[in-house]
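The values are calculated or read from the model by the stated rules, or taken from the named source; none is laboratory data. Computed from a predicted structure; not experimentally measured. Cβ placement follows ideal geometry from the backbone for every residue including glycine, while neighbour counts extend to all protein chains displayed. The accessibility values were calculated without ligands, DNA or RNA, using every heavy atom of the protein model including side chains. Shrake-Rupley method; radii C 1.70, N 1.55, O 1.52, S 1.80 Å.
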Amino acid sequence: MSSESGSRGPVDPRLWRHSRAARGYLMLTVGVGVVTAAAVIVSALMIGTILAGVITDPAARTVAAWTTQLLVLAGAVAVRVGSTWAQTRYSHRAALDVVAELKGQVLEAAAAADPRALAPRRERLATVLTRGLDGLRPYLTGYLPALGLALTVTPATLLVIALQDLTSAVIIFVTLPLVPIFMILIGLLTRGTARARLETMTRLSAQLLDLLAGLPTLRALGRERGPAARVRELGEAHRRSTMAALRYAFLSAMVLELLATLCVALVAVSIGLRLVYGGMGLAAGVIALILAAEVYLPLRAIGAQFHAAEDGVAAADEAFLALEELPAKAFGTHHVSPGPVAIRLEGLGVHARSGLAPHGLDASCQPGLVTVLTGANGAGKSTALAAVLGLTAPDEGRVLIGGRDIAELNPQSWWANLAWLPQRPALIPGTLAENLGADVADPRVAAACARTGFDIVLAETKDGWDTLVGAGGEGISLGQRQRLALTRTLLSDAPVLLLDEPTAHLDAAAEAVVLGALTARARAGATVVIVGHRPAVLAIADEVVEVRAQEVAHAV
């Protein structure tokens, strides 16, 4: 087993803490293990008794002589089959529930976390959520049931063997620790490989997605075949990672199977020799021989199933770290009244990589006015908007909404009062109409499209509002995405508008129309805050606020 999981024991206690479905499933697994152990022992006792009686007593070679024992044997077999069926049936259902529960919790934790704390984990969590946690199913459907049997069947059957034949019990007691010892040795050999594979898959996925996202641009430039070599390299790296995992899995399975087979063979040889020389009874020998294989079987299954589920365990470890280490923002309970509201920044400072960005930002954004935040790249303009949104907590100073600290506000009531246009607008897979989120037959939609130039985009598309876009707006250009997001923002009746570089991908004519619409919204009483540095944007500003960063000098 890998050191990561080994340091926490066979079952990660965080699984018990974070998943209600896992708690019920673990208790079911232990219960099934107890029932299976009883069925195995009763079956072995009945088989040994019947065989010994039939072989040694000619008068007892009739079915009628063993009716009771046969009925008990049939009942034990039926109980074992039923327990195995129940374990298999409910393990897959529980696995789906546990994976879905963990995915939901990780998504909630990521949504509630400060964006700065989430940024270093974003790609890893994306891999964990899309396919990493799905690898936890073999752990839940294979490894945990095997572990439950090892905790119940193995000690119970060893105890019965000791009562029947102490010599066989001593042999098993001496050889049994060899199985976990070899599992540990294999774990030392494969230490860190699961986490390394997760990191490799995260890196490969991010690079491949970047290549795919850039293909339309490369194709427009006639260089779509340029990344072919890089794609081949990524595929080869994926192949090497997968083959390494398969080699370790086959190696561990072969070693454990061979070891368990040799251990059972030692017990069988000992029983056979003593039966030949009359050193033990036939019934005791048959019972000990049947149960010897059952002693080792759960441990063999643990070794085989653990490596099959190792990738899922590594993904779950990353998910648990996210749940425990991503700091959740503290929200207040005060509700913001609907309507225009003043926004004031007092000495706002947010920690960045090399200091504070922004640093000491003071600004007053009043209803009816257009406030423009400008400054150098990296000064913290977008971060200041994130602080106003309540997505980033200030490290210095404070944000006041209507004279009240934003930390005291209920976020839902505050977000209901504003429309936000980020630098990269969020689009969902679906039609343009679904991304607009409004009735396209409404005259206001046509007017908004005319102001942003999106009516030209619709005229150029074959299906108009029914045009399909992929994840992140795949299928339309950056400028078209920006125009759609602008149209969506202008259709909002929110009294507060926060816009980050709203005219970045627009030509001069379209920019003038959009800025005119924003100015009209401000004159109608809305609070309009724009991040920008283009001359046309600065020209419409009622107040221009220079945003500056403070860099911390590092000692050489």
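For the stretch 337-367, taking the residues that are under 13 Å from Ala386 (Cβ atoms) and not in a strand (DSSP E or B), the one that is farthest from the chain's Cα centre (by Cα) is identified as Pro358. Tallying residues that are in contact with a strand residue (DSSP E or B) (Cβ under 6 Å, 6 or more places away or on another chain) and open to solvent by 70 Å² or more (accessible area, probe 1.4 Å) within the stretch 405-430 yields 3.
Can you tell me which of Leu73, Leu144, Leu149 is closer than 28 Å to Gln305 by Cα and either modelled with pLDDT of 85 or more or exposed (fewer than 14 other Cβ atoms within 10 Å of the Cβ) (or both)? Please lay out each step first, then the result.
Values: Leu73 fails: closer than 28 Å to Gln305 by Cα; Leu144 fails: either modelled with pLDDT of 85 or more or exposed (fewer than 14 other Cβ atoms within 10 Å of the Cβ) (or both).
After ruling out the rest, the residue left standing is Leu149.
Of the residues that make up the stretch 277-285, is at least one within 32 Å of the chain's Cα centre (by Cα) and at pLDDT below 85? Scanning the stretch 277-285 turns up no residue that is within 32 Å of the chain's Cα centre (by Cα) and at pLDDT below 85. Applying a threshold of 7 Å to beta carbon distances and a minimum spacing of six or more residues, or different chains, the list of pairs starting in the stretch 392-411 at a residue that is within 13 Å of Leu361 (Cβ to Cβ) and ending at one that is among the hydroxyl-bearing types (Ser, Thr, Tyr) and in a helix (DSSP H, G or I) reads Thr392/Thr383. Mind counting the residues in the stretch 369-385 that are small (Gly, Ala, Ser), open to solvent by 20 Å² or more (accessible area, probe 1.4 Å) and either outside any helix (DSSP H, G or I) or farther than 16 Å from Pro502 by Cβ (or both)? Residues that pass the stated criteria total 2.
Arg444 - would you say it is over 18 Å from Leu385 (Cα atoms), open to solvent by 70 Å² or more (accessible area, probe 1.4 Å), touching a residue at least 60 places away in the same chain (Cβ under 8 Å) and in a helix (DSSP H, G or I)? No: the conditions fail for Arg444.
For the stretch 405-456, enumerate the residues that are of a type in the set (Phe, Trp, Tyr) and touching a His at 6+ places or on another chain (Cβ under 8 Å). Spell out how you get there, then give the answer.
To start, the set of residues in the stretch 405-456 that are of a type in the set (Phe, Trp, Tyr) comprises 414-415, 420, 454.
The answer is none; no residue qualifies.
Counting just the residues of the stretch 529-544 that are within 13 Å of Ala376 (Cα to Cα) and either in contact with a Gly (Cβ under 8 Å, 6 or more places away or on another chain) or at pLDDT 90 or above (or both), which one comes out surrounded by the most Cβ atoms within 10 Å (Cβ to Cβ)? Before you say what the answer is, go through the steps one by one.
Restricting attention to the stretch 529-544, the residues satisfying the condition of being within 13 Å of Ala376 (Cα to Cα) are 531-534.
Now drop any that are not either in contact with a Gly (Cβ under 8 Å, 6 or more places away or on another chain) or at pLDDT 90 or above (or both), which leaves 531, 533.
Values: Val531: 24, His533: 14.
Filtering first and then ranking leaves Val531.
In the set (1) farther than 28 Å from Ala384 by Cα; (2) open to solvent by less than 50 Å² (accessible area, probe 1.4 Å), the condition left unmet by Arg137 is number (2).
Looking only at residues that are among the hydrophobic types (A, V, I, L, M, F, W, C) and out of contact with any helix residue (DSSP H, G or I) (no Cβ under 6 Å at 6 or more places or on another chain) in the stretch 455-483, which one is most open to solvent (accessible area, probe 1.4 Å)? Step through it out loud before you land on a result.
As a first pass, look at the stretch 455-483 and keep what is among the hydrophobic types (A, V, I, L, M, F, W, C): 456-459, 465, 468-469, 471, 476, 478.
Keeping just the survivors that are out of contact with any helix residue (DSSP H, G or I) (no Cβ under 6 Å at 6 or more places or on another chain) gives 456, 459, 468-469, 471, 476, 478.
Values: Ile456: 100, Ala459: 85, Leu468: 125, Val469: 11, Ala471: 73, Ile476: 19, Leu478: 102 Å².
Restricting to residues being among the hydrophobic types (A, V, I, L, M, F, W, C) and out of contact with any helix residue (DSSP H, G or I) (no Cβ under 6 Å at 6 or more places or on another chain), the top hit is Leu468.
Scanning the stretch 93-107 for residues that are open to solvent by 70 Å² or more (accessible area, probe 1.4 Å) and modelled with pLDDT of 85 or more turns up Arg93, Leu96, Asp97. Among the residues of the stretch 34-59, just one is surrounded by fewer than 18 Cβ atoms within 10 Å (Cβ to Cβ), touching a residue at least 12 places away in the same chain (Cβ under 8 Å), farther than 11 Å from Ala156 by Cβ and among the small types (Gly, Ala, Ser), namely Gly53.
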